[in-house]
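Colleague: Input: one structure, supplied below.
The values are calculated or read from the model by the stated rules, or taken from the named source; none is laboratory data. If you're wondering where the values come from, they're calculated on a predicted model, not measured in any experiment. Backbone-built Cβ (ideal geometry, glycine too); neighbour counts: all protein chains shown. The accessibility values were calculated without ligands, DNA or RNA, using every heavy atom of the protein model including side chains. Shrake-Rupley method; radii C 1.70, N 1.55, O 1.52, S 1.80 Å.
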Amino acid sequence: MPPLLALPFPAIDPVAVSIGPVEIKWYALSYIAGLVGGWFYARRLVAADSLWGVVKRPTLTDIDDLIVWVALGVVLGGRIGYVLFYNLPLYLDHPMEILAIRNGGMSFHGGFLGAILALLLFARGRGLNGYTMLDIAAVVVPVGLFFGRIANFVNGELWGRAAPDFPYAVVFPTGGDVPRYPSQLFEAATEGLLLFVVMAWAVRRFGFRKPGLLGGIFVLGYALARTFCEFFREPDRQLGFLFGQDVNALGGGVTMGMLLCVPMALVGLVYIVLAARGVTRPRQTAPEIQAEAGQI
């Protein structure tokens, strides 16, 4: 029997579709939904003339091709990041387990770095501005974050810290009999929905006319949202709390997620300042300057 103040975990089968020996899990569908949703949104952004000014933009064909690059960057970077940041001793002892992605183990920060590398390589190959490609990704990434965190909840993984007095605490099947924060839903609300609204406002307000600005806003926004959610999320068992025994306002205690968000926040601030000052903007030719002046 769950505690009186806890909600039972909803009985959701992690397998969405099963056809013979083939199983399609909600987790895989969340990645697909995030990529397809992001691709559709990116196409609409590229087609909106009012957002671009004279900044060179990718074609719709570029966006169609880019989804493959980003998918590879997210999956490979996410897995490599998890191996390096969260469980390196285990994988050094059992290197073949690195390939066992079906058993779980993906890092957002690793996937983030993998996606950036993929975007920059793609931009270089197509003669596009790397900052602009990162800006497009920054606006659409919250779509994938939302679906990914919902899938974490469905899987009953990455649950929150013990919260016996929280009225909406959940007893997760793999979390023992302790009622816990549904931190996956907190992350879906902040890293997904809230950040989506912030980025939608930012792209309408600034467009893509200052390369790097939207990317900086996203990186800073994610770092703040993730750090907030880390106060409710249970740290990885193999790491625990770093530099302390608990996470609270006075007693210290830092999680790996918090630690990885520090450089993200700093990088985001730097690029916001550089973009606002025009440092990241490519040099314009005389006709481009005249064309931009005519639009003001």
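Colleague: If you take the alpha carbon radius of gyration of region 125-197 and divide it by 2.2 N^0.38 Å, what ratio comes out, to two decimals?
Modeller: 1.48
Colleague: If you count, for each residue, the other Cβ atoms within 10 Å and average over each peptide, how do 17-23, 128-134 line up from highest to lowest?
Modeller: 128-134, 17-23
Colleague: Hey, what's the per residue convex hull volume over the C-alpha atoms of region 10-152, in cubic angstrom?
Modeller: In region 10-152, the Cα convex hull volume per residue is 137 Å³.
Colleague: Once ligands and nucleic acids are excluded and a 1.4 Å probe is used, how much of ILE12 is accessible, expressed in Å² to the nearest 10?
Modeller: Answer for ILE12: close to 60 Å² accessible.
Colleague: Order 140-152, 108-120 from most to least packed using the mean count of other Cβ atoms within 10 Å.
Modeller: For the peptides 140-152, 108-120, the packing ranking is 140-152, 108-120.
Colleague: Calculated FRET efficiency, GLU157 and ILE67, Cβ-Cβ r, R0 30 Å, to nearest 0.05?
Modeller: Rounded to the nearest 0.05, the efficiency is 0.70.
Colleague: Hey, for a label at VAL267 modelled as a point 7 Å past Cα toward Cβ, could you say which residues of region 198-239 have their backbone N under 16 Å away?
Modeller: From region 198-239, the list is 212-227.
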